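One structure is given here, and the rest of the page talks about it.
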Ligand SMILES: C[S@@+](CC[C@H](N)C(=O)[O-])C[C@H]1O[C@@H](n2cnc3c(N)ncnc32)[C@H](O)[C@@H]1O
């Protein structure tokens with residue numbers, strides 16, 4: 001670390017949401033912090049376009065996690081963040097979407113607090129918002145759903161358990177993160193609790209990116225259609241929501257591109 005950094009007053013570590021991928025959904029505050037950063041520690045969902053905003057000479061470090069895949073231990077990420085911040089470097093911890101959702105933010109905040117380091121949180125556009133925009137739907141609707149559940153498909157124990165009875169009610173809407181592998185598990189739980197087989201299920205892969213794809217299906221066909229579609233990017237799954245423009249064509253087995261939906 002350059003010696004002049006050691007004498008700079010500690011600036012708050014910025015825990016920043018990078019949004020769902022497209023550079024144009026970055027907040028202006030996030031942009032300013034990235035441009036000013038000495039160190040950017042990012043997860044695997046942050047796109048190359050956004051990382052390229054870091055100034056020449058900034059230290060850009062990948063510290064990613066992949067559900068069921070290669071991963072940087074959380075303790076190592078915490079140590080990276082606090083270690084750089086304690087030298088006086090301006091550190092941006094950059095996370096896909098909104099850092100307050102499924103981002104292990106509390107663990108990083110606890111590490112910063114333990115090190116006596118100040119921090120700020122900069123919200124970003126979460127995947128559920130970007131995916132809802134992609135399918136032309138509102139996440140809440142008078143007379144349909146007055147609330148929305150944001151759920152994970154898996155947690156540290158494996159497939160995550162939820163209130164399946166409540167989720168099986170007609171009109172319920174849920175946004176499932178990290179749920180591709182959990183499709184058959186969730187389908188089984190919902191059917192067991194009486195959910196209608198024709199309940200709409202919609203997956204938006206790479207929401208708000210150039211390669212965005214939409215798979216509209218039903219609860220009955222979800223696992224099969226998902227396997228056939230071969231989605232390999234990050235995907236948000238909606239239970240109880242169908243793409244507005246494609247309603248008449250449900251179920252779909254071929255992912256729709258943005259253009260096909262228009
Ligand atoms: C660890 S969670 C992080 C969520 C993130 N903090 C947010 O607010 O969007 C990762 C999951 O978010 C969802 N996700 C993130 N970016 C996405 C995108 N551009 N399109 C669809 N889903 C996305 C996927 O379900 C992915 O498995």
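Every read-out reported here was derived from the displayed coordinates using simple, explicitly stated rules and does not represent laboratory data. Keep in mind that what you see is a predicted model, and the values were worked out from it rather than measured. Glycine gets a Cβ as well: all are built from the backbone with ideal geometry, and neighbour counts include every protein chain shown.
If only Cα atoms are counted, what is the Rg of the chain, and what is its Dmax, in Å?
20.0, 64
Considering only C-alpha atoms, what is the centroid distance from region 8-61 to region 120-134, in Å?
Taking the Cα centre of each part, region 8-61 and region 120-134 sit 16 Å apart.
Taking every Cα atom in region 134-177, find the radius of gyration and the maximum pairwise distance Dmax, and write them in Å.
Rg then Dmax for region 134-177, in Å: 12.0, 36.
Picking from 84, 162, 154, which is most flexible by a Gaussian network model of the chain using Cα springs under 10 Å?
Its mean-square fluctuation being the largest, the pick is 162.
At a 10 Å Cβ-Cβ cut-off, how would you order 190, 31, fewest neighbours first? The partial results should precede the final answer.
On the way: 190 24, 31 14.
Result, fewest neighbours first: 31, 190.
With the contact rule set at Cα under 8 Å and sequence spacing of 6 or more, what percent relative contact order holds for region 69-153? Working shown, then result.
On the way: 45 pairs, mean separation 21.7, N = 85.
With pairs under 8 Å counted, the relative contact order is 26 percent.
Using R₀ = 30 Å, calculate the FRET efficiency as 1/(1 + (r/R₀)^6) where r is the Cβ-Cβ separation of residue 144 and residue 232; round to 0.05.
Working: r = 32 Å, r/R0 = 1.06.
In this case the efficiency is close to 0.40.
How long, wide and thick is region 3-122, going by the Cα atoms along their three principal axes, in whole angstroms, largest first?
Principal-axis extents of the Cα atoms in region 3-122, largest first: 36, 28, 21 Å.
Would you mind calculating the relative contact order of region 3-122 from Cα pairs under 8 angstrom and at least 6 residues apart, reporting the percent as a whole number?
Details: 219 pairs, mean separation 50.5, N = 120.
Rounded, it is 42 percent for region 3-122.
From Cα coordinates alone, what are the radius of gyration and Dmax values for region 127-261 in angstrom?
Rg and Dmax of region 127-261, Cα atoms, are 13.4, 39 Å.
Does anyone have the angle between helix 183-192 and the longest principal axis of the chain? Alpha-carbon axes, 0 to 90°, nearest 10?
Taking the Cα atoms of the chain, the angle to 183-192 is about 50 degrees.
Got the relative contact order for the chain handy, in percent, Cα pairs under 8 Å and 6 or more residues apart? It would help to have the intermediate numbers written out before the result.
On the way: 518 pairs, mean separation 48.5, N = 262.
Dividing the mean separation by the residue count of the chain yields 19 percent.
Quick one: if the Förster radius is 30 Å, what FRET efficiency do residue 74 and residue 49 give, using the C-beta to C-beta distance and rounding to 0.05?
According to the calculation, E is roughly 0.70.
For a label point 7 Å from the Cα of residue 86 along Cα→C-beta, name the residues of region 107-138 whose backbone N is under 19 Å from it.
Of the residues in region 107-138, 107-120 have backbone N under 19 Å from the label point off residue 86.
For the chain, find the longest principal axis of its Cα atoms and tell me its angle to the long axis of helix 74-86, 0 to 90°, nearest 10.
Its long axis makes an angle of about 40 degrees.
Would you mind putting 221-230, 170-179 in packing order, based on average other-beta-carbon counts within 10 Å, highest first? Write down the numbers at each step before the final one.
Details: 221-230: 17.4, 170-179: 20.5.
For the peptides 221-230, 170-179, the packing ranking is 170-179, 221-230.
So what is the calculated 222 nm ellipticity per residue for the chain, using -39500 (n - 2.57) for each DSSP H run with n of 4 or more, over all residues, to the nearest 500 deg cm²/dmol? Mind dumping the intermediate values first?
Values: 9 runs with 70 residues, N = 262.
Computed mean residue ellipticity for the chain: -7000 deg cm²/dmol.
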